[in-house]
Amino acid sequence: MKTNFLTKGLIIGLMLIVSPCFAAVETVRGEGEYVMSVYDDMEIAKLRALDIAKQNALEKAGVYVARYLRSENLTVTAMEMTAITGDTTDIKSKVFTNRILPSDLIAVRVEITCDVDTSKIDKYLKFNEEKRQHLTEQYGSFVDSGKNLSKAENELDASDIAERARRRHIAEEKVKEALKTSDYDERVRLCNEAIEADPKYVQAYLERGFAFDEKKEYDKAIANANHALTIEPKNAVAYRNRGRVFFSLKKYDNTISDCNKALELDPNFVFAYNDRGAAYINKGEYDKAMGDLQQALKLDSKCSYAHNNIGIIYEKQGKIEQAFEEYTKAIELNQNYAMVYRNRGDLYAKKGEHDKAIIDLNKAIEIDPNLSMAYNNIGAVYERKKNYEQALKNYTKAIELNPNFYLAYCNRGYLYGYILQNYKYALADINKAIDIDESDAKIYNHRGIFYYRQNDYFKAIADYSTAIKLNSNYADPLINRGLCYMDIKNYDKAMEDYNHAMRIDSNYPLIYQNRGELYFRMERYDNAIADYNKVFSLIPQSDNPKIYERRGDCYFFKKEYKTAIVDYTKAIELNDKLVWAYIRRGASYYYIEEYDRAIEDFNKASSLDPNAVDYKNNIKMAMEKKNEKQKENKNQTR
């Protein structure tokens, strides 16, 4: 049986494995540089620079492998040459540096060293020789078509490889062009052209998926990651990218699963540890999250994302100063990281340092003008500063950037309703928020409050009922529905709601305050006093004048006037505009025959609200009683 030329060449090569001209392991170096756009983050830029450096190193390794093969008189096709180079080259070290370009953009540069192991070349060739011999023995004369057929096949292979190389080059250039634009629609278009040129270019699918993720077209983003995995089933980056999309969809278990797979393929994949840690944070599993994030920092101490996420853990645990330190460290490492400026700005706001919060949030917006959450949060800071015009402006900008931004609609609606008392606009925003997410019990509770304030009790009751249905352990809508029932004089249902709320949270002062009001209206004054006393036991330093006033009313109607006067006096100390506190304290003084004080309180109430009662008659009665008492005293002294 004859052997074809290529097979024969390989047999000779296997007999001459050892060559004194070549070391078993040769070291080559590769360099790569990637220029960040204003929308790139540092970690992704590092990955892209690393891809370029790997390609550069593989080209050099290919030259070395070719020399080795020539020295051994081995014959392989160009396609085999590419496969051998990839399989025998391992990255051993990488060093990143940055430089600022005249355009103020950052160029990320990496230098890597790789080892080319010639023993792997021999193993590869031996495996292929065994496979070829098997085919020769199985198919005999069909494979043994002579030198002419082998030559023709090699020529076809070379032509095909050249065409594929040309198409791959086109695809690579399209993806490079895509990465230079911040317009994600344009990125998708350029990646489409790359894929059209080379349907097996994985990087094009990864970049197109990234663009779809940023466009919030999550199904398409997942589809691109899946397609990348059909081409390269062991592509760790594809798993990480898909996990990132699942994170955006709040499918944290899926994120963790994909990161697990990425780490199986690449145990040193920093971003997979970071992303898995972020998913654990959102599941409330802070210990697991901290373990992953510390591992990320162990692999790369300059990973700003890991520092940011550790800051989030500390903030959630109430460790404010430690959170602040982590956010600041992340900023020192990556001054183009918009999200961490936003997080530190939010932390400043929590600390009451509003001006510093605004500086950080504005910096986040400067870096990423499309960061809708930063606009929302700066709006909240301005609201706390009582600059409502700026608050509205920023909430509105957040909504313009993200028309489905649930939280921004809520915040603007609350500002309109609770602060500006513009219930028309408030309800428009709350209705839009409900259209976006109808599963949030709190939003129905707030809309119920706005209906209640407009005396639309039945719409309010309907919303409170929906909130209770969505969350049976939510006490607020029960309290508020009880208030509606109380105002329409359905006292039994009001009592049911307050007692139900108390079973959910027996230490909630507002329940006792409102039930106390219900008892007062039912003229069950002792029960009302007991509930008001409970409020004061839960809030010993309460500064709520209305509770003192109402407890004073209970004592007043129980004819315990001196005790009532004590409560009215405390209420007036806290708020000297309480008309009825003056009126009833005046009446209490009248009944204990301190007529001068009664007249003084009636006059004060009249100055605050001339139409509240018939002050002239009250003052007249007090004056008459005062005169009668004076006469009686004179008669007793004679």
Amide H contacts under 5 Å for LYS215, placed H, 5+ residues apart: none
Kirkwood Rh and Cα Rg combined as Rg over Rh, evaluated for the stretch 492-565: 0.98
Nonlocal amide H pairs with THR27, under 5 Å, H built at 1.01 Å: VAL116
For the stretch 617-630, 3J(HN,Hα) per residue [Karplus equation, 6.51 cos²θ - 1.76 cosθ + 1.60, θ = phi - 60°, Hz, x = Gly/Pro]: 5, 4, 5, 4, 4, 5, 5, 5, 5, 4, 5, 4, 5, 5
Radius of gyration and Dmax over the Cα atoms of the stretch 352-462, both given in Å: 14.7, 48
Per-residue HN-Hα couplings for the stretch 191-204 [Karplus 6.51, -1.76, 1.60; θ = phi - 60°; Hz; x = Gly/Pro]: 5, 4, 5, 4, 5, 5, 6, 9, x, 10, 7, 4, 4, 5
Fraction in percent of alpha-carbon pairs per bin - 5 Å, the stretch 267-406: 2, 12, 18, 20, 19, 15, 9, 4, 1, 0, 0
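Which order do the peptides 269-280, 541-552 take when ranked by the mean count of other beta-carbon atoms within 10 Å per residue, highest first?
Values: 269-280: 26.1, 541-552: 19.2.
Answer by packing, highest mean first, reads 269-280, 541-552.
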For the stretch 244-303, fraction of C-alpha pairs farther apart than 20 Å, in %: 16
For TYR519, net neighbour charge (Lys/Arg +1, Asp/Glu -1) across residues whose Cβ lies under 9 Å away: -1
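What does the accessible area per residue of the stretch 357-450 come to in Å², with a 1.4 Å probe and no ligands, DNA or RNA counted?
Details: 4300 Å² over 94 residues.
Per residue, the stretch 357-450 has an accessible area of 46 Å².
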Within the stretch 528-569, backbone nitrogen closer than 11 Å to the virtual label 7 Å beyond the Cα of LYS577 toward Cβ: none
R0 of 60 Å, Cβ-Cβ distance LYS180-SER472: FRET efficiency to nearest 0.05: 0.65
Full-extension gain in nm, LEU608 to GLU400, via 0.36 nm per residue minus C-alpha separation: 70.3 nm
Share of carbon and sulfur in the accessible heavy-atom surface of the stretch 171-314 [1.4 Å probe, %]: 45
Cβ-defined net charge surrounding TYR457, 15 Å radius [Lys, Arg +1; Asp, Glu -1]: +2
As computed over the stretch 446-587, the Cα convex hull volume per residue (Å³): 112
Two-site label geometry, GLU593 and VAL566: point separation in nm, points 7 Å out along Cα→Cβ: 2.3
Karplus-derived 3J(HN,Hα), 6.51/-1.76/1.60, for each residue of the stretch 320-330, Hz, glycine and proline x: 5, 5, 5, 4, 4, 4, 5, 4, 5, 4, 4
Cα centroid separation, the stretch 209-284 to the stretch 315-357 (Å): 26
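What Kirkwood hydrodynamic radius, in Å, does the stretch 169-317 give when the mean of 1/r is taken over all pairs of distinct Cα atoms and then inverted? All intermediate terms of the calculation are to be shown ahead of the outcome.
Numbers: mean 1/r = 0.0635 Å⁻¹.
Answer for the stretch 169-317: a Kirkwood hydrodynamic radius of 15.8 Å.
The values are calculated or read from the model by the stated rules, or taken from the named source; none is laboratory data. Note that the coordinates shown come from a computational prediction; the quantities given were computed from them, not determined experimentally. Glycine also receives a Cβ, built like all others from the backbone with ideal geometry; neighbour counts cover every protein chain displayed. The protein model used for the area step is the full one, side chains on, heavy atoms only, and it has no ligands, DNA or RNA in it. Shrake-Rupley method; radii C 1.70, N 1.55, O 1.52, S 1.80 Å.
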